[in-house]
Amino acid sequence: MIVRISGEGQFDVPEGHVDELNRLDDDLTKAVDSGDEAQFTTALEALLASVRTAGEELPADWIGPSDLVLPSPDATIHEVREVLGDEGLIPG
Amino acid sequence: MGLMRRFSSIFKAKASKTLDKYEDPRETLDYSYERTLEMLQKMRRAVADVATSRKRIELQAQQLQRSAAKLEGQAKQAMSQNREDLAREALTRRQGIATQLTDLQAQHDQLKAEEARMVEGSQRLQAKVDAFRIRKETMKANYTAAEAQTRVNEAISGIGEEMGDVGLAMQRAEDKVAQMQARSGALDELMASGALDDASMSSDRLQAELDRGLAEPAVEAELARLRGELTGSSTTAKQLDAPAEDATAAPQAPAQAPVEEERR
């Protein structure tokens, strides 16, 4: 499974690791729902760290779509909500 | 649905809209390549913008550091004159500048991190552009309609996703630069008006008082000397009758006193 960490790159994560990612994603979802920024940062860091350790980073010249796209490590709740809202991705 | 999947599907939906699809996949490839090159150029301009902002903050920090050093010197000078009130004022102002400097340092660090991320991002995009160019030519050369659709789609959505990601990073950087430019502008205005750099403006007044503190004892000494000369004028008169060599030999000859008085 290909997972992109925004602003960082793409990782090849073994399929068997999905359950773990789902569990970490539950924490992240709760944090965004509650609007708790500190909890969000901790949950996001845990999720991204799990992708980095379980997965293997793909080389920069690898071209292909990802199965999952995750926010960048320093994203805020506000920024994530902006993506989930109607903001366009490419400026100009 | 969890956040991870919601974020992914929206991100990918938006990214796929960034590139138009043409009837002939080969055209789509060429068009996507052009768009990626444009993106790379935009990215480089954005990196330059962030660097400009960072340099401006560095200049402001240098200016504030000079003011702080000047105030520190003034505080020392005031203490040596036993003017604790002036020293306290100088140090209070220096404290205000220190707060501004801490703030600037934080902004500077943020911009530096942003700059580094964008440089990395453009290197990644450059690597993808190069790989994409090669792959697109290979696909066009060995084009068969049947297999083209999936392979082209994969390459297109891969490159589209990268552009979406880069676009997001660029937007963030642009927002930060805009915020910081507004703050830098406000700080420049404050410095120019003297409201914040009240530090350096009123530190001129501070300096004037310190200079007066230095000058006063010297003036007092001069006054005492003149007073002494006036009260001793009878002896001076007698000395005038003395031989001429004696009068010229003495450097503090009384005859020079009126000249000094005129100078004041």
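The values are calculated or read from the model by the stated rules, or taken from the named source; none is laboratory data. Note that this is a predicted model, so its numbers are computed, not measured. Positions of Cβ are generated from backbone atoms using ideal geometry, with glycine treated the same way; all protein chains shown enter the neighbour counts.
The set of residues in the range B:43-53 that are crowded, with 20+ Cβ neighbours inside 10 Å and either of a type outside the set (Val, Ile, Thr) or more than 28 Å from residue B:163 (Cβ to Cβ) (or both) comprises B:43, B:46, B:53. Of everything in the range A:1-26 that is surrounded by fewer than 18 Cβ atoms within 10 Å (Cβ to Cβ) and charged (D, E, K, R), the residue that is nearest to the other protein chains (Cβ to nearest Cβ) is A:26. Of the residues making up the range B:21-49, those that are under 43 Å from the mean Cα position of the chain (by Cα) and aromatic (Phe, Trp, Tyr) are B:31, B:33.
Selection of the range B:108-127 for residues being among the small types (Gly, Ala, Ser) and over 24 Å from residue B:35 (Cβ atoms) yields B:113, B:116.
Please work out if residue A:47 is within 10 Å of another protein chain (Cβ to nearest Cβ) and buried (at least 20 other Cβ atoms within 10 Å of the Cβ). In short, yes. Can you confirm whether the range A:83-92 contains a residue that is modelled with pLDDT under 90, in contact with an Asp or Glu (Cβ under 7 Å, 6 or more places away or on another chain) and on the phi < 0 side of the Ramachandran plot? Looking through the range A:83-92, at least one residue is modelled with pLDDT under 90, in contact with an Asp or Glu (Cβ under 7 Å, 6 or more places away or on another chain) and on the phi < 0 side of the Ramachandran plot. Residues in the range B:106-135 that are of a type in the set (Lys, Arg) and more than 9 Å from chain A (Cβ to nearest Cβ): B:112, B:133.
Pull up the range A:3-23, narrow it to residues that are touching a helix residue (DSSP H, G or I) at 6+ places or on another chain (Cβ under 9 Å) and of a type in the set (A, V, I, L, M, F, W, C), then point me to the one that is nearest to residue B:157 (Cα to Cα). Among residues in the range A:3-23 that are touching a helix residue (DSSP H, G or I) at 6+ places or on another chain (Cβ under 9 Å) and of a type in the set (A, V, I, L, M, F, W, C), the one nearest to residue B:157 (Cα to Cα) is A:3. In summary, helices (runs of 4 or more DSSP H) completely within the range B:170-264 and bearing 2 or more residues that are at pLDDT 80 or above and not aliphatic (A, V, I, L, M) occur at B:198-231. What about residue B:36, is it surrounded by 18 or more Cβ atoms within 10 Å (Cβ to Cβ), more than 9 Å from chain A (Cβ to nearest Cβ), within 27 Å of residue B:140 (Cα to Cα) and not charged (D, E, K, R)? So residue B:36 fits the description; yes. Would it be correct to say that residue A:63 is in contact with a helix residue (DSSP H, G or I) (Cβ under 6 Å, 6 or more places away or on another chain), among the β-branched types (Val, Ile, Thr), closer than 21 Å to residue B:125 by Cα and within 10 Å of chain B (Cβ to nearest Cβ)? Against the criterion (in contact with a helix residue (DSSP H, G or I) (Cβ under 6 Å, 6 or more places away or on another chain), among the β-branched types (Val, Ile, Thr), closer than 21 Å to residue B:125 by Cα and within 10 Å of chain B (Cβ to nearest Cβ)), residue A:63 qualifies.
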